[in-house]
Amino acid sequence: MLDEMLKEFYDIGKSLSSEKDTLKLFEKIINSSLKLTSADAGTIYIVIDRKTSEWSHIKNGSTRGNLLKFVISRNTSMNVNLQDYTAPISKKSISGFTVISGKSLRIDDAYKICDEVEYRHDHTFDNNTGYRTKSILSIPMKNHDNDITGVIQLINKKHSWKDAIDYDKNDAADGILPFNDTDELIMNSLAGQAAVALENNQLYRDMQGLLKVYKEQNSHLIYLSKNIMKAHEEERKRIAREIHDGPAQSAVNLSFKLEICKRYLSDGKMDDLVSEINNFSDSIHSTVKEIRTIIYDLKPSCLEDGLISAVQRYIETFSTSGSINIDFTYSGNDSAIEYYLTSTIYRIVQEALSNVRKHAEADNINIELVITNTRITLDIIDDGKGFVVEELKTRKFDRLKGGFGLEGIRERVELIRGDMTIQSTPGQGTELHIAIPLL
Ligand SMILES: Nc1ncnc2c1ncn2[C@@H]1O[C@H](COP(=O)(O)OP(=O)(O)O)[C@@H](O)[C@H]1O
Ligand SMILES: [Mg+2]
């Protein structure tokens, strides 16, 4: 008999620790409890957080913020299906008392509980079903840290777990035994194992959740790195094109000019030679200028003084070369903003302003740059002729010619986990809003 019990107990321990399905785990705990104690019925309650409904626990009897949730019930003599319910934890109920006191409770007859104790048996279930609750064993489930995570409540000990009690008979209660010391000992140990198994089960579920988030983030990273590579590739193409159309073209022209000079020299046309050499020198200057512009564009030196001053200086040059009035307001400190963010935002300002000049026919532009510890927001608002934003989607743009372009802005803002919105109504100007997180 004892051997059989030990074996059962050992098997239960093993199967509890390997069960991944929470519902099956509850079933295993309750079935094993009934078998080991020959109880007729049993119920498991767990402690949950009142707000989140997540599994919780009770420390030192403090029930604040927690509820008791009924999770499973078994009845070997009667077929009952109880609905899920939660209840406040109170010392007036047997399960509540067990959770708060952290001690197991043995009642020999639920209808003969003495007046001195705080808890009472709730007869509602018996009254509704014709069941007769007599002996009760209520065991707290304690985790590794001795915090209470729930209760296993067993009802009506039978002579053998295979027996069934016929509650229609008047003397049904006579055959019911009180739970004994051994039952209490075994159940305390089982409840401990059950609590740890449930906690592991929850950890397992948390880990599954984390894994899912990790997988999602990973695929987002793959998406982003593809986009970064694409953006780099486009940038390289753009630079190649600029060099091809600019300095490379100029160098070819210079070699033509040199040929002309040689011809003048061999023909002895000295006046023509001098004028061609002057011309040649001008061309070299303009070629050097072209190269410098490309270099400057690759790494504008003004960015080294920080975002605010870079934007300010860009606005100054922009204003002097046109008739659009710009109002720039800013707040915050740009000293901690990394170079790649400064450069991205600077390019956005460049593109947005050049769009206003090219397309908007605006009189005024309002630019607001706000830097906080957690984010940067940039708003660029013009009072120009506006456009239908929806039409952008159907238009095909030559990305290389368009440079950064609105789509380019959107992609780059996404790469740095920011948001971009563009609002425009024909006749009512255009608003570009950018928000970039700094954390
Ligand atoms: N501030 C603006 N005011 C009016 N129209 C604009 C403005 N900004 C952009 N647009 C419209 O959106 C289109 C797309 O802009 P963009 O992507 O920068 O390409 P591009 O400037 O090369 O045409 C422009 O062609 C123009 O019609
Ligand atoms: Mg543009």
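Residues of the chain: accessible area per residue at 1.4 Å, in Å²? Write down the numbers at each step before the final one.
Working: 25860 Å² over 439 residues.
I get 59 Å² per residue for the chain.
Taking 0.36 nm per residue of separation and subtracting the Cα-Cα distance, full extension of the segment from residue 366 to residue 291 would add 23.7 nm. The C-alpha atoms of the chain define a longest principal axis, and helix 270-298 lies at about 10 degrees to it.
If you place +1 on the Cβ of every Lys and Arg, -1 on the Cβ of every Asp and Glu, and leave all else neutral, what size is the dipole of region 2-209 about its Cα centre, to the nearest 20 Debye?
It works out to roughly 500 debye.
Residues 207, 141, sorted by accessible area with the largest first, give 207, 141 [1.4 Å probe; ligands and nucleic acids excluded].
Run the dipole for the chain about the Cα centre, Lys and Arg Cβ at +1, Asp and Glu Cβ at -1, nothing else charged, and hand back the magnitude in debye, nearest 20.
Details: 55 positive and 65 negative charges, 141 e Å.
In debye, rounded to 20, the chain gives about 680.
Suppose the chain between residue 2 and residue 214 were pulled fully straight at 0.36 nm per residue; how much longer would it get relative to their current alpha carbon spacing?
Contour length minus Cα-Cα distance gives 71.5 nm.
Got a sec? What order do 74, 347, 120, 64 fall in by accessible area at 1.4 Å, biggest, i.e. largest, first? All intermediate terms of the calculation are to be shown ahead of the outcome.
On the way: 74 80, 347 35, 120 100, 64 205 Å².
So, going from the largest accessible area down, we get 64, 120, 74, 347.
Between residue 207 and residue 221, the modelled label-to-label distance comes to 2.0 nm, taking each label 7 Å out from Cα in the direction of the beta carbon.
Per-residue accessible area (protein heavy atoms, 1.4 Å probe) orders 436, 324 as 324, 436, starting from the largest.
Just the number, please: carbon plus sulfur as a percent of the accessible area of region 221-298, 1.4 Å probe, no ligands or DNA/RNA counted. Present the calculation step by step, with values, prior to reporting the outcome.
Numbers: 3530 of 5700 Å².
After summing per-atom areas, the C and S share lands at 62 percent.
Between the listed residues 52, 197, 18, the Cα displaced farthest toward the positive end of the dipole of the chain, a dipole computed from Cβ unit charges relative to the Cα centre, is found at 18.
For the chain, calculate the relative contact order in percent as a whole number, restricting contacts to Cα pairs under 8 Å that are 6 or more residues apart. Please report the intermediate quantities before stating the final value.
Details: 646 pairs, mean separation 44.7, N = 439.
So the answer I get is 10 percent.
Largest first and in whole Å, the equivalent-ellipsoid semi-axes of region 2-209 read 26, 21, 16, each the square root of five times a Cα gyration tensor eigenvalue. Measure off, as a whole percent, the carbon and sulfur share of the 1.4 Å-probe accessible area of region 305-437, all protein chains present. Roughly 47 percent, rounded to a whole number. Measuring nothing but protein heavy atoms, the accessible surface of region 14-77 at 1.4 Å probe radius is 44 percent carbon and sulfur.
Taking only the C-alpha atoms of the chain, the Rg (one decimal) and the largest Cα-Cα distance, Dmax (whole number), read 40.1, 139 Å. For region 38-99, the calculated P(r) over all alpha carbon pairs, in 5 Å bins from 0 to the bin holding the longest distance, is 4, 18, 26, 21, 16, 10, 5, 1 percent.
Here the spin labels are modelled as points 7 Å beyond Cα on the Cα-Cβ line, and at residue 414 and residue 394 they lie 2.2 nm apart. Taking N as the residue count of region 305-437, its C-alpha radius of gyration divided by 2.2 N^0.38 Å amounts to 1.01. For the chain, the longest principal axis of the Cα atoms and the long axis of helix 2-18 meet at an angle of about 20 degrees.
Using bins of 5 Å that start at zero, the share of Cα-Cα pairs per bin across region 221-298 amounts to 3, 14, 17, 14, 12, 10, 9, 7, 5, 4, 3, 2, 1, 0, in whole %.
Measuring with a 1.4 angstrom probe and ignoring ligands and nucleic acids, residue 269 comes out at about 100 Å² accessible.
Return the calculated 222 nm mean residue ellipticity for the chain, to the nearest 500 deg cm²/dmol, obtained by summing -39500 (n - 2.57) across DSSP H runs with n ≥ 4 and dividing by the residue count.
Working: 12 runs with 210 residues, N = 439.
Only helices count here, giving -16000 deg cm²/dmol.
State which entries of 14/212; 215/299; 51/112 exceed 32 angstrom in Cα-Cα distance in the structure shown. Those over the limit are 215/299; 51/112.
The values are calculated or read from the model by the stated rules, or taken from the named source; none is laboratory data. These numbers come from a predicted model, not from an experiment. Don't worry about glycine lacking a Cβ; one is built from the backbone with ideal geometry, like all the others, and counts go over all protein chains shown. Side chains are part of the model used for accessible areas, which takes the heavy atoms of the whole protein and leaves out ligands, DNA and RNA. Shrake-Rupley method; radii C 1.70, N 1.55, O 1.52, S 1.80 Å.
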